[in-house]
Amino acid sequence: MSINPIIKTDYPDPDVIRVDDAYFMISTTMYFFPGGVILRSFDLVNWEIYSYIFDKLDDTPSERLEGNENNYGKGMWAATLREHNGKFYVAFVSHGKDDTHLFVADKLEGPWEHKTIKGYYHDCSIIWLDDKKQVFIVHGNTEIRLTELKEDLSGPKEGGIDKVIIKDNKDDVTLGYEGSHIYKINNRFYITLIHWPKYNKRRTESVFVSDNIDGPYEGKDVFYDDLGLKDMGAAQGGLVDTPDGRWYSIVF
């Protein structure tokens with residue numbers, strides 16, 4: 001699995017899950033339709049197009065590019081792909097829209113039900129805590145926020161946790177922390193992020209860890225390389241485990 005890049009085309013902002021012995025990746029599709037492409041692999045190297053989430057997002061004048069209205073390039077960005085209790089969930093923001101898109105399906109090939117999460121959750125990642133019957137969304141840029149959601153994911157839970165858990169120094173970065181991916185591994189919580197420190201000339205991967213979902217989190221930069229490519233570093237991506245317990249990171 002040392003071949004890089006594993007996909008020689010543009011599939012940015014990947015999030016990857018495993019279902020039995022198959023891996024599924026979702027990627028930013030911006031202004032391309034059908035949107036929300038899902039790829040499938042059985043070895044994390046060779047990928048095929050498996051399905052799409054939607055044919056359109058919203059039927060608005062800006063998305064139809066009518067008159068002076070223009071939402072071009074502001075469509076589907078940096079989705080979270082998750083499975084929970086036999087259902088699959090995809091959530092992402094469409095820049096220019098106030099709320100967050102949510103798609104739910106019984107199968108990854110669809111059909112997908114289109115809903116919304118009340119609130120704008122940039123580069124979001126969703127996690128369920130089954131033991132406490134809680135669900136959270138991690139999101140933001142420069143300030144990474146943890147927000148507890150209602151059980152049906154329709155919006156923030158009244159009286160629930162809503163706090164900044166990780167904060168970048170605006171004076172030290174060209175791009176602050178974003179691209180949140182959260183995981184619970186061996187009873188600890190891990191959040192992977194990217195940022196672009198001024199002292200580095202490339203985007204840089206960071207990882208933060210905590211014993212509690214709401215912190216405190218401790219972390220550091222862990223990957224500063226472009227693998228000999230465009231001298232821009234590696235951007236956001238996710239973690240996924242294999243059936244035999246190994247872990248891999250898929251980034252763009």
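Numbers for the structure displayed
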{"read-out": "Per residue accessible area in Å² of the stretch 124-166, where ligands, DNA and RNA are left out and the probe is 1.4 Å", "value": "49"}
{"read-out": "Exceeding the 25 Å Cα-Cα cut-off - candidates K97/K198; K107/K167; K8/K97; K132/K184", "value": "K97/K198; K107/K167; K8/K97"}
{"read-out": "Loop trypsin sites (Lys or Arg not before Pro), the stretch 155-252, which have at most 12 other Cβ atoms in a 10 Å radius of their Cβ (DSSP)", "value": "K198, K230, R246"}
{"read-out": "Convex hull of Cα atoms in the chain, direction-averaged projection (nm²)", "value": "14.2"}
{"read-out": "Within the chain, longest stretch clear of exposed GluC sites (Glu not before Pro) (DSSP loop, no more than 13 other Cβ within 10 Å)", "value": "159-252"}
{"read-out": "Gyration tensor verdict on the stretch 10-126 (Cα atoms; rounded if a/c is under 1.5, prolate if a/b is larger than b/c, oblate otherwise)", "value": "prolate"}
{"read-out": "Point-to-point label distance, K150-L65, nm (Cα→Cβ direction, 7 Å offset)", "value": "3.7"}
{"read-out": "Solvent-accessible area, 1.4 Å probe, carbon plus sulfur percent, for the chain", "value": "47"}
{"read-out": "Contour excess over end-to-end distance, with Cα ends at K8 and Y248 and 0.36 nm allotted per residue", "value": "84.5 nm"}
{"read-out": "Value of Rg to Rh for the stretch 96-198 (Rh from inverse mean 1/r over Cα pairs, i.e. Kirkwood)", "value": "1.00"}
{"read-out": "Rough spin-label spacing in nm, given labels placed 7 Å along Cα→Cβ, for R188 and N46", "value": "3.6"}
{"read-out": "Principal axis dimensions, largest first and in whole angstrom, of the stretch 141-252 by Cα", "value": "46, 42, 25"}
{"read-out": "Virtual paramagnetic centre 7 Å along Cα→Cβ of Y199, amide N under 18 Å, in the stretch 222-252", "value": "222-225"}
{"read-out": "Residue-count net charge about Y72 - beta-carbon cut-off 15 Å; Lys, Arg +1, Asp, Glu -1", "value": "0"}
{"read-out": "Candidates per trypsin sites (Lys or Arg not before Pro) in the stretch 19-72, loop by DSSP, up to 16 other Cβ within 10 Å", "value": "K56, R64"}
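The values are calculated or read from the model by the stated rules, or taken from the named source; none is laboratory data. Keep in mind that this is a model prediction, so the values were computed, not measured. Every residue, glycine among them, receives a Cβ derived from its backbone with ideal geometry; neighbour counts consider all protein chains shown. Accessible surface is based on the protein model in full, side chains and every heavy atom, while ligands, DNA and RNA are left aside. Shrake-Rupley method; radii C 1.70, N 1.55, O 1.52, S 1.80 Å.
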